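Written below as structure tokens is the structure these notes are about.
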Amino acid sequence: MAQRILVHLTDSIGMAPRKIILWGMVEGDNNLEKYNALHQSATGILLELFQSTPAVMDGIVLVPLSSFDYNIYTPHHIQSFSILPAVANAGMDFGVAVFTILENWGGLSTCVYHVGVHGQVLAEH
Amino acid sequence: MLVHSFKPLDDDHAVHLAKLEEVLLSMQPPLSPTSFTIQAAAYSPTVLENFASRAKGATILSHLTSPCSTLVLFGVFKPKHSEWFAIKDGVQDEFCWLFPGHSGQLAIALADVINISHVTVTHRPCEPPS
């Protein structure tokens, strides 16, 4: 019985998402202009994300907003991740957010209970 | 024996080792190359509104989202594992977005056009069967 419980919990933890990339869909000329400037000036992690992952999907332009790991070793089930400062400073706005889960913690399936996207509506909207 | 090859430490060495240990303990664990920021919500409370809330008008873009597990489509688990549960307000033990394999994608049309500041992700281990 104890072994069954242990296996069950292990399976459950293994189904947690691990490496995640957050994308924002680039829409409108103003955002596309900021995207191009951001792409050209990207450094560090942002540059790696631009280079290693296709930013266009089915004709849609996506900009990487953040890359992070969900940590199963903390007691906090709800974890918060900021977007990259360079992207935040670019001042782009987004109507679509895309979570790409690259890998989980070893499970055969992946389970996500909830995601939230937080921010502020622009004044001109 | 390898143990006997070590020389006893003098006071200076002991002090240096103690300082080194203190520095190592104060360091954060190394992050993976794709890691950027990890903050537990407990000390980073969500102040800004969640625009990925289904109740506020956010929707799932199915054509850009991984389908949920086909194994559960023919069983009673189907309504429990839709991608829509990922944007439902509140977290319940038995309801999650479940997809096969270790990688997948979730595309959300937000309730409004916003400057995104941060996101939250929630997973909770299932309770063991009674």
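The values are calculated or read from the model by the stated rules, or taken from the named source; none is laboratory data. Fair warning: this is a prediction, and the values are worked out from it, not measured in the lab. Cβ atoms come from the backbone with ideal geometry, glycine included; neighbour counts cover every protein chain shown.
Annotations for the structure displayed:
- Taken over the range B:98-121, residues that are free of Cβ contacts under 8 Å to residues at least 60 places away in the same chain and hydroxyl-bearing (Ser, Thr, Tyr) amount to 1.
- Of all residues in the range B:104-119, none are at pLDDT below 90, over 15 Å from the mean Cα position of the chain (by Cα) and more than 7 Å from every other protein chain (Cβ to nearest Cβ).
- Options A:37, A:16; residue that is farther than 24 Å from residue B:124 by Cα and modelled with pLDDT of 90 or more: A:37
- Some residue of the range A:61-72 being surrounded by fewer than 16 Cβ atoms within 10 Å (Cβ to Cβ) and among the acidic types (Asp, Glu): no
- Members of the range A:66-116 that are under 19 Å from residue B:60 (Cα atoms) and either in contact with a helix residue (DSSP H, G or I) (Cβ under 6 Å, 6 or more places away or on another chain) or without any contact (Cβ under 8 Å) to a residue 60 or more places away in the chain (or both): A:112, A:113, A:114, A:115, A:116
- The sole residue among A:73, A:113 that is among the hydroxyl-bearing types (Ser, Thr, Tyr) and either out of contact with any strand residue (DSSP E or B) (no Cβ under 8 Å at 6 or more places or on another chain) or at pLDDT 95 or above (or both) is A:73.
- Counting only strands (runs of 3 or more DSSP E) that sit wholly inside the range A:14-125, those with at least 2 residues that are touching a Gly at 6+ places or on another chain (Cβ under 8 Å) and within 8 Å of chain B (Cβ to nearest Cβ) are A:94-104, A:109-112.
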